[in-house]
Amino acid sequence: MINKEDVLNIALLSKLYVADDKLDELTAGMQEIISFADTINSAEVENTEFDNINNLSDVFREDVVVESYPREEILKNAIEQDEGHFLVKKRV
Amino acid sequence: MSKYELVAGLETHIELATNTKIFCGCTTEFGGEANTHCCPVCIGLPGTLPKLNKRVVEYAIRAGLATNCKIAEISKMDRKNYCYPDLPKAYQISQFDKPLCYEGYVQLSNGRKIRLTRIHIEEDAGKLIHKNGDTYVDYNRGGVPLIEIVSEPDIRSVEEAREYVEKLQQIIRYVGVSDCKMQEGSMRCDVNISVRPQGSDTLGTRTEIKNMNSITFIAKAMEYEFERQVDLIESGGSVVQETLRYDDATNTTSSMRSKEDAHDYRYFREPDLVTISVSKEQVDAIAKTLPELPEAKLQRYVQELGIPQKDAELLTKYRRITEFFESASIGLQNPKTVANFILGSVFKTLETESAKEDFKILTTPAQLNELVKLIESGKIKNNLAKAALDKMLASGKGATDFIDESDMGGLDEAALTELCKQAISSNPAAVEDYKNGKEKALQSLLGYIMKNSRGKADAQAALAMLKDLAV
């Protein structure tokens, strides 16, 4: 069973903010998602190589430029930034 | 000859020249201000959904067909998980076990075929700049479409590796799916390299040298790594499978990390994207739009146009040159004249390889065509045409701006005789030398004739007449 701590923990890992009054609803929703995995597990997969999601294939976009977001918007969630860049700790 | 044989395979990443990124509509333009070509999809915000750019699939198929690959009827995208700041989602959307293209080859001039395992499509990562002890991240490049061309370990020498990369670059440029500019990072190579005793047919332990952006570096890194591995084995040690970085300043390789195997990446199906199915009809339709490929063109130039092999190789190196050459040759009896002018006068004005590749010259194919027509119709001589071409190339003007009516038609016999007589009477010393058996002395008489006829005289006819008159 999923509890509130699990939801808060996942929210922390995903860097998502969860309002207190949403917690019950989200916990129930999360439990529903986990239960759905059982439905998936019962699916018949013998003799299928790899299939199309919802019987869809070839969903494409045309190669047409769409305006990008303003840089301030892009950097809004950055914990640190400098000179228009995201700033992170150096890793090898 | 070394006791050891080099065995190498290359992984080549090439940025596709689409207008937009692989999964969103942001521009792929190179060189914008940091993080200005970004949106929630390409910076990996939760809740966003990727949507595949149709042209990426088309371009990858073009590249596949041009390198003799089979095209998969059904392929899919997978997530390749690794955690590094250049990848905001902590996974790269790539293709794992169902790549779009597979089982192709590139043929080298020594006749050997370098087999291609596969070509798959994937997204590029962002750019990291390390400074002041921090890492600055720019996601403009994140999500730019790439193809990765993976070769089998069929390469046996540094020279073969060099030719393989050059051939790949040439083919991909011909089919127009990338500019393959290594210095700008739109083509990058990883080299997997191992050594084994000559005659052995088992593979040694390999190392992988990452991310090289010049053919010279690839060659130097391979030479260094070959020696390093041979020395290791000769001194009783063994090669460790690892990923190396090549440092061009010191010409050495150093360890980056122990090499991952596929399972380290926890590949799994990308659930946000549906399968890609490509029908035979679609493949045929794309095949029809492919231009004549470099190898076929080279053969045709040599066999049908009678252009010497070496010259044909220079002409076919870049597609723009072949387009200019073919357009300038329309309706001519002898395209070789055009070839000679391009390889001579035109190449003199294009000093670097990248200038040759861009082939930006002031003279149009039609102007060169007109000039060569004047030669073929006998109106002007080759040397006058050559002088005119130099001026045309410098100014962008047409042949008739430098050759007037009086220059055309060459010299009639009487005028030529008169000039020859003048040449003889004004150069008695040269005539004396010639009479004493010095054939070369005639050259200074010929020079006099050319100068005084402004290049109109026919050199062969003039020489024959000089010989008659001088003795």
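Worth pointing out:
- Boolean, B:Leu6 is among the hydrophobic types (A, V, I, L, M, F, W, C) and either in contact with a His (Cβ under 6 Å, 6 or more places away or on another chain) or outside any helix (DSSP H, G or I) (or both): yes
- Every residue from segment B:195-227 that is among the acidic types (Asp, Glu) and in a loop (DSSP other than H, G, I, E, B): B:Asp201
- Whichever residue in segment B:435-471 is without any contact (Cβ under 8 Å) to a residue 12 or more places away in the chain and over 44 Å from the mean Cα position of the chain (by Cα) and, among such residues, is surrounded by the most Cβ atoms within 10 Å (Cβ to Cβ): B:Ala441
- Residue satisfying all of: in segment B:47-83; in a strand (DSSP E or B) and facing chain A (nearest Cβ under 10 Å); nearest to the chain's Cα centre (by Cα) among these: B:Asn53
- Residue match in segment B:419-433 (condition: under 30 Å from B:Gln183 (Cα atoms) and either in the same structural domain as B:Thr322 (by TED's automatic domain parsing) or in contact (Cβ under 8 Å) with a residue 24 or more places away in the chain (or both)): no
- Residue among B:Lys98, B:Lys89 that alone is in contact with a Ser or Thr (Cβ under 7 Å, 6 or more places away or on another chain) and either part of a loop (DSSP other than H, G, I, E, B) or away from every other protein chain (no Cβ under 11 Å) (or both): B:Lys98
- Hey, B:Ile147 aliphatic (A, V, I, L, M), in the same structural domain as B:Ile43 (by TED's automatic domain parsing), closer than 22 Å to B:Glu357 by Cβ and in contact (Cβ under 8 Å) with a residue 12 or more places away in the chain or not: yes
- When A:Met30 is tested against (1) at pLDDT 95 or above; (2) surrounded by 13 or more Cβ atoms within 10 Å (Cβ to Cβ); (3) part of a helix (DSSP H, G or I), exactly one condition is not met: (1).
- Restricting the search to helices (runs of 4 or more DSSP H) fully inside segment B:308-373 and requiring at least 3 residues that are farther than 20 Å from B:Phe402 by Cβ and among the aliphatic types (A, V, I, L, M) gives B:309-316.
- Failed criterion for B:Lys51 (all others in (1) at pLDDT below 95; (2) surrounded by fewer than 22 Cβ atoms within 10 Å (Cβ to Cβ) hold): (1)
- Residue identified as modelled with pLDDT of 90 or more, of a type in the set (Val, Ile, Thr) and surrounded by fewer than 20 Cβ atoms within 10 Å (Cβ to Cβ) among B:Thr202, B:Thr207: B:Thr202
- Residues being in contact with a helix residue (DSSP H, G or I) (Cβ under 6 Å, 6 or more places away or on another chain) and closer than 23 Å to B:Cys69 by Cβ - total across segment B:294-310: 3
The values are calculated or read from the model by the stated rules, or taken from the named source; none is laboratory data. Being a predicted model, the structure only gives us computed values, none of them experimental. Quick reminder, even Gly has a Cβ in these numbers, built from the backbone with ideal geometry, and neighbours come from all protein chains shown.
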